[in-house]
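The numbers here are math on the coordinates, done by the rules we state, and not lab data. Only a predicted model underlies this, so the values are computations on that prediction, with no experimental measurement involved. Cβ sites come from the backbone with ideal geometry, for glycine too, and all protein chains shown count toward neighbours.
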Amino acid sequence: MILGISWLVILLFAMLTPGDEFPEIDVFSLQDKVIHFVCFGLLSFIWCGVKYKSSQAENRKTLAWNYLIFGVLMGIFVEIGQRYVPYRTFDLQDIIANEAGGLVGFLTYLNIRKRK
């Protein structure tokens with residue numbers, strides 16, 4: 001859980017800091033979307049691994065809630081929040097990258113868990 005909270009704090013800081021605080025580095029054209037995809041993929045993957053209850057049924061509910069909160073809703077809320085941060089903008093394509101990353105993080109977690 002400490003890893004999940006730490007990554008969430010880092011992600012929120014990076015995504016909600018005014019855009020003029022970071023250097024402008026463009027390596028390739030879709031760099032911003034890849035960053036969103038990876039950040040939210042990791043967030044979803046980490047939080048899907050957090051378990052609160054000992055029973056398997058309760059863990060399935062926790063997994064579903066963690067994916068919904070950190071893999072879906074957080075990507076939307078962060079992007080809406082950027083609308084109110086100087087030198088940041090709301091971008092629907094960023095939400096799509098966030099959601100895609102969250103889904104891949106979730107599916108990766110399930111695939112790894114299934115193999116165990």
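See the values below:
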| item | result |
| --- | --- |
| Evaluated over the range 6-63, the Cα radius of gyration and Dmax, each in Å | 15.9, 48 |
| C-alpha long axis of helix 56-66 to longest principal axis of the chain, angle in ° | 10 degrees |
| Pair V9, V38: separation of 7 Å Cα→Cβ label points (nm) | 2.3 nm |
| V50/T17 FRET efficiency (R0 30 Å; Cβ-Cβ; nearest 0.05) | 0.70 |
| Karplus-derived 3J(HN,Hα), 6.51/-1.76/1.60, for each residue of the range 5-15, Hz, glycine and proline x | 5, 4, 5, 4, 5, 4, 4, 4, 4, 5, 7 |
| Filtered chymotrypsin sites (Phe, Trp or Tyr not before Pro), the range 78-108: DSSP coil and at most 11 other beta carbons within 10 Å | Y84, Y87 |
| At most 11 other Cβ within 10 Å, DSSP loop - trypsin sites (Lys or Arg not before Pro), the range 1-107 | K53, R83 |
| Lys, Arg +1 and Asp, Glu -1 on Cβ, resulting dipole of the chain about Cα centre, debye, nearest 20 | 1060 debye |
